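Just so it is clear, none of the values below were taken in a lab; they were calculated from the coordinates. Given the structure is predicted, the values throughout are model-derived calculations rather than measurements. Here the Cβ positions follow ideal geometry from the backbone for every residue, glycine too, while neighbour counts run over all protein chains shown.
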Amino acid sequence: MKARILVVDDDRAHLTMLTAMLESWGCEVETASDGSGAVAMVRKKAYDVVLTDVRMAEVDGIEALRQIRHFNPCLPVLIMTAYSSVDTAVGALKAGAFDYLHKPLDFDELRSGLERAIEHGALRRGEGGEGGGAEAPAGMIGTSPAMRELFGMIRAVAPSEASVLVLGESGTGKELVARALHEGSPRSARRLVTVNCAALAENLLESELFGHEKGAFTGAQRQRDGLFVQADGGTMFMDEIGEMPLALQAKLLRALQQGEVQRLGSDRPVRVDVRIIAATNRDLEAEVRSGNFREDLYYRLNVIALRVPALRERPEDIPLLARHFLGRFAQRNRKAFRGFSPRAMDLMLRHDWPGNVRELENAVERAVILAPGDMVTERDLPAGLRAAEATGGPGHEGAAHDSAAGQSLEDAEREAIARTLEQVGHNKSEAARVLGVTRVTLRSKMRKFGLDQ
Ligand SMILES: Nc1ncnc2c1ncn2[C@@H]1O[C@H](COP(=O)(O)OP(=O)(O)OP(=O)(O)O)[C@@H](O)[C@H]1O
Ligand SMILES: [Mg+2]
């Protein structure tokens with residue numbers, strides 16, 4: 001049996017025995033002694049199966065199962081329970097366990113359980129057999145295990161009708177995932193309609209989604225179809241779903257349950273066939289607990305959860321993404337680049353990217369504009385990246401190695417502004433965006449440096 005298995009048990013002797021047994025079957029085994037350790041390992045590495053005890057001192061097996069499912073719904077988890085308690089077993093299945101095994105273990109049962117779980121996991125990842133993860137969908141870059149896993153999920157889940165909840169920090173690529181899901185579905189010939197639930201006030205969002213009759217409210221001069229009707233036969237991407245007001249959540253739930261919507265001011269329902277993909281950077285489960293998000297709507301949207309990992313969880317993707325963006329912005333700015341200096345790359349690898357891929361994209365765009373030569377060096381990167389390095393770490397060779405040694409801060413600033421303005425055709429809003437300052441700041445600096453003529 002060829003498989004990578006994570007075994008979780010707080011009983012050392014049992015862990016050792018299991019490891020020996022599984023290894024004798026040809027498995028690669030790693031171990032954790034409690035639930036939180038297991039969750040941390042699953043976040044870092046791809047396993048085929050998790051085999052976990054239920055009763056553990058710290059985080060127990062069921063809680064670990066929940067967290068693992070949240071992070072990686074494709075990964076099968078087998079539960080071992082010492083007590084032939086039906087409650088525990090049922091609880092485990094409800095929480096999404098693949099199956100449960102009774103302790104003391106029957107090794108034939110263990111073996112067949114593992115084999116089924118492995119096969120099931122491969123199917124859910126959309127793999128024919130062996131091999132790790134899938135090709136990236138168009139426009140998405142990444143070769144880290146976490147991203148490959150995600151691509152496999154996208155490929156497996158896209159063709160279905162299931163609602164998908166895309167989770168992840170800001171700038172991780174949730175919108176790209178939504179697009180890939182739509183493109184990979186039989187609905188791709190129809191529209192992908194995007195609505196940002198945070199961008200509109202409650203009443204506007206409602207009429208935007210459901211449409212309105214003429215005269216339904218002041219300013220409604222004509223009858224209008226809502227986005228649901230526009231998305232009929234296609235997909236609706238509801239971005240920042242966590243920001244949707246409670247009253248509207250109820251109406252959305254009704255629309256999804258009944259497959260029909262009503263224009264504001266109308267009592268005639270219109271049938272619609274729309275697949276929903278929702279995204280949020282909030283912890284929706286926490287929002288449910290605190291009463292800000294309807295539990296029933298949460299379960300309806302969260303048929304399948306896809307979590308897009310933060311960039312700092314997959315640093316091996318940084319060079320790839322950086323080069324991708326360098327190519328794109330170099331072309332756009334009609335400049336030629338050889339690449340990044342080793343120190344610049346080092347800084348990028350060490351930064352923790354709170355703004356994720358979007359932050360990296362902006363940093364590279366800025367560097368393309370600022371870099372005087374055909375190489376992006378550390379001084380072309382935002383100050384935040386360089387500051388991170390000042391906190392220590394090896395390789396701090398001559399601070400000004402490839403920076404503008406001896407240049408005063410003011411000169412550097414003036415030069416950066418002048419060069420940026422030139423690159424963006426003296427468009428001040430654009431220059432302010434690239435430099436990461438407000439237009440007011442930019443204007444005052446331009447005045448100060450005499451760049452405003
Ligand atoms: N894997 C990737 N490959 C290439 N580009 C990416 C990738 N992930 C993200 N990007 C780019 O990064 C930027 C941010 O991505 P996107 O808008 O999808 O993030 P998001 O998760 O929706 O962020 P937010 O929560 O702030 O809305 C986009 O310009 C996108 O093209
Ligand atoms: Mg987004």
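Beyond a 25 Å Cα-Cα separation, which of these cross-linked pairs lie in this structure: K45/K103; K174/K445; K2/K45?
Going by Cα-Cα distance, K45/K103; K174/K445 fall outside the 25 Å limit.
About the Cα centre, and with charges only on the beta carbon of Lys, Arg (+1) and Asp, Glu (-1), how big is the dipole of the range 4-124? Nearest 20 debye, please.
460 debye
Read phi for every residue in the range 156-171 and hand back ³J(HN,Hα) as whole Hz from Karplus 6.51 cos²θ - 1.76 cosθ + 1.60, θ = phi - 60°, with x for Gly and Pro.
For the range 156-171, the Karplus curve yields 6, 8, 3, x, 7, 9, 5, 5, 10, 10, 9, 10, x, 4, 4, x Hz.
Write down, largest first, the equivalent ellipsoid semi-axes of the chain in whole Å, where each equals the square root of 5 times an eigenvalue of the alpha-carbon gyration tensor.
After diagonalising the Cα gyration tensor, the semi-axes are 43, 35, 18 Å.
Ignoring everything except DSSP H segments at least 4 long, calculate the 222 nm mean residue ellipticity for the chain; use -39,500 (n - 2.57) per segment, divide by total residues, nearest 500.
-13500 deg cm²/dmol
Of E30, E240, how do they rank once you tally other Cβ atoms within 10 Å and put the fewest first?
E30, E240
Mind listing the long-range amide H neighbours of G168? Cut-off is under 5 Å, sequence gap 5 or more, other chains count too, H placed in the peptide plane at 1.01 Å from N.
Placed amide hydrogens put T280, V308 under 5 Å from G168.
Over the alpha carbons of the range 145-307, what is the largest minus smallest coordinate on each principal axis, giving the biggest first in Å?
That gives 54, 39, 26 Å along the principal axes, largest extent first.
Please list, ordered by chain and number, the residues whose modelled amide H lies under 5 Å from the amide H of L192; skip anything fewer than 5 residues away on the same chain.
Sorted by chain and number, the residues that satisfy this are T235.
Can you sort K44, K103 by how many other beta carbons sit within 10 Å, fewest first?
K44, K103
Ordered by residue, what ³J(HN,Hα) values in Hz, to whole numbers, does the range 230-236 give under the Karplus form 6.51 cos²θ - 1.76 cosθ + 1.60, where θ = phi - 60° and Gly and Pro are x?
5, 8, 3, x, x, 10, 10
Pull up the DSSP beta bridges for the chain and report the antiparallel fraction as a percent, rounded to 5.
10 percent
What residues have an amide H closer than 5 Å to that of D273, excluding those fewer than 5 places away on the same chain, when H is modeled at 1.01 Å from N in the peptide plane?
Answer set, sorted by chain and number: G233.
If each residue of separation counts as 0.36 nm, what is the full-extension length gain between Y299 and Q331 once their alpha-carbon separation is subtracted?
Gain in length upon complete extension: 7.1 nm.
Return C27, C197 ranked ascending by Cβ neighbour count within 10 Å, so the fewest neighbours appear first.
By the 10 Å Cβ count, ascending, the order reads C27, C197.
Full-extension gain between W25 and E410, please, as 0.36 nm times their residue separation minus the C-alpha to C-alpha distance.
That works out to 131.9 nm of additional length.
At a Förster distance of 60 Å, what's the computed FRET efficiency of L93 paired with T438, Cβ-Cβ distance as r, to 0.05?
Computed FRET efficiency for L93 and T438 comes out at 0.65.
With θ set to phi - 60°, apply the Karplus curve 6.51 cos²θ - 1.76 cosθ + 1.60 along the range 432-448 and write out the HN-Hα couplings as whole Hz, x wherever there is a Gly or Pro.
4, 5, 4, 7, x, 10, 6, 5, 4, 4, 4, 4, 5, 5, 4, 5, 4
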